[in-house]
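Just so it is clear, none of the values below were taken in a lab; they were calculated from the coordinates. Keep in mind that what you see is a predicted model, and the values were worked out from it rather than measured. Here the Cβ positions follow ideal geometry from the backbone for every residue, glycine too, while neighbour counts run over all protein chains shown.
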Amino acid sequence: MTSKERKVALITGITGQDGSYLAEFLLEKDYEVHGIIRRASSFNTGRIQHLYADPKSHRQEKMKLHWGDMTDSSSLVKVISTVQPTEIYNLAAQSHVKVSFDLSEYTGEVDGIGTVRLLDAIRTCGLEKIVKFYQASTSELFGGKDSSIPQNENTPFYPRSPYACAKIYSYWIVVNYREAYGLYACNGILFNHESPRRGENFVTRKITRSIAKIHLGAQDVLELGNLNALRDWGHAKDYVKAMWMMLQQEVAEDYVIATGESHSVREFVETAFNHVGTTIVWEGEGINETGKNKETGEILVRVNPKYFRPTEVYTLLGDATKAKKKFGWEPSVSFEELVKDMMESDLALMRKDPTA
Ligand code: NDP
Ligand code: GDP
């Protein structure tokens, strides 16, 4: 089989939200899928466990996992030289913006320097003319105190967190390696995307888990930070498809992927509560604001300043016209459908085990 016909993907961050959906998507497309996993003291493969159980993937050796870490160059070289991938998706990251203020140096190591380690590993293995490379860039690059909206590929960057600063390094090193070495490398500037597999401390999943618990009587109040932040939230399943599409083009370019609609955290809360038949009314302002059950007056949502960020990204709204024109990508899941999917999943989870 020539290298053009081989379909071998290597995913860093395969155990994360996007990595798990991307692995499923590529296995469906008959790729051989390899993933890098890092050592942890407890299992971190929950999101891809079902792929092991599936005889089509694991038992037929269509999916393999390899030990590695974005902070460890030699492991990256070893995996790439063993796997000889035709496509690499760099999704591994310390991906939480608020945590990056506490772990700023580590976030820089993994989310910034980790990317150049991976790119250099490709060159060390002599694969720069064979491999296609996807970098998980982010709308946090726009950040901006007063960034113009909607944001597209030409909007100036203004990072507002150690996470965004690390990701901006990765963005530019990808552009540089493309120009310097002719590597087929793309930045996917993805706006927020969520799912039932979203990490539990991102705002959407925190909201749907908490509301499921409140509805089942296992929690009293949902505490949140900035209720006014506006985000362009899509479904992760749609977004991993865009990653793959970017790597199937003639020429490597960078693309914004977004729904073109933005909603506040407050709206997300209201929509999720509506799903269980509860209407929220808001009272007070700033740190004294509460969300009450319209019928009973009970406080269900409270602002806690501990969730505020030292610098906040207030408004994200993406314009994905370029991706639509170049390769026909469009989101298929609406905001309401996304909230419903996450609520139904968390209700089912909490019904099984309200302490989950
Ligand atoms: P997750 O946090 O769910 O997954 C991150 C993955 O990176 C996990 O598999 C994690 O492993 C792995 N990882 C973390 N540190 C290391 C390390 N040192 N070495 C190797 N692997 C590591 O993120 P998402 O799936 O949501 O996001 C995927 C990528 O897209 C990330 O780079 C994120 O920053 C970026 N992004 C995400 C957006 C979103 O809305 N979801 C928006 C824009 C960009 P483990 O499971 O062991 O923790
Ligand atoms: P981000 O856009 O990558 O930072 O994704 P998050 O889901 O972490 O945060 C989205 C927005 O929700 C940000 O503007 C946060 O300030 C806001 N937010 C409000 N309350 C919370 C909270 O309790 N947890 C998190 N993670 N974010 C919150």
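At a Förster distance of 30 Å, what's the computed FRET efficiency of D220 paired with H96, Cβ-Cβ distance as r, to 0.05?
FRET efficiency, D220 to H96: 0.75.
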Q) Could you give the length gained on full extension between K294 and Q248, defined as 0.36 nm per residue of separation minus the Cα-Cα distance, in nm? A) 11.5 nm
Q) Once both labels are modelled 7 Å past Cα along the beta-carbon direction, what's the K325-N154 spacing in nm? A) 0.9 nm
Q: Express in nm, to one decimal, how much length is gained between T124 and K78 on full extension, taking 0.36 nm for each residue of separation and deducting their alpha carbon distance.
A: 15.5 nm
Q. Could you give the angle, 0 to 90 degrees to the nearest 10, between helix 265-275's Cα long axis and the longest principal axis of the Cα atoms of the chain?
A. 70 degrees
Q: Counting only C-alpha contacts under 8 Å and six or more residues apart, can you give the relative contact order of the chain as a whole percent?
A: 16 percent
Q.
Can you tell me what share of the DSSP beta bridges in the chain is antiparallel? A percent to the nearest 5 is fine.
A. 20 percent
**Q.** In the range 265-356, lysine pairs with alpha-carbon atoms under 30 angstrom apart (chain gap of 8 or more, or interchain)
**A.** 11
Q | Helix axis angle, 203-215 relative to the chain longest principal axis, alpha carbon, degrees | A | 40 degrees
Q | Spatially proximal lysines relative to K64 (Cα-Cα < 30 Å; intrachain offsets below 8 disregarded) | A | K4, K7, K29, K56, K78, K129, K132, K167, K237, K241
Q) Taking the Cα atoms only, what angle lies between the long axis of helix 236-246 and the longest principal axis of the chain, rounded to 10 degrees? A) 30 degrees
(Q) I need the Kirkwood Rh of the range 93-175: take the reciprocal of the average 1/r across all distinct C-alpha pairs and report it in angstrom. (A) 13.5 Å
(Q) Given R₀ = 25 Å, what would the calculated FRET efficiency be for W282 paired with E336, taking r from the Cβ atoms and rounding to 0.05? (A) 0.80
Q | Difference of contour (0.36 nm per residue) and Cα-Cα distance, E267 to D30 | A | 81.4 nm
Q: Can you quote the Å³ per residue value for the convex hull of the Cα atoms in the range 1-112, rounded to an integer?
A: 113 Å³
Q: Any chance you could get the radius of gyration and Dmax over the Cα atoms of the chain, in Å?
A: 20.6, 68
Q) Any idea what log10 I(q)/I(0) is at q = 0.14 Å⁻¹ for the range 210-323, Debye with uniform C-alpha scatterers and no solvent? A) -0.71
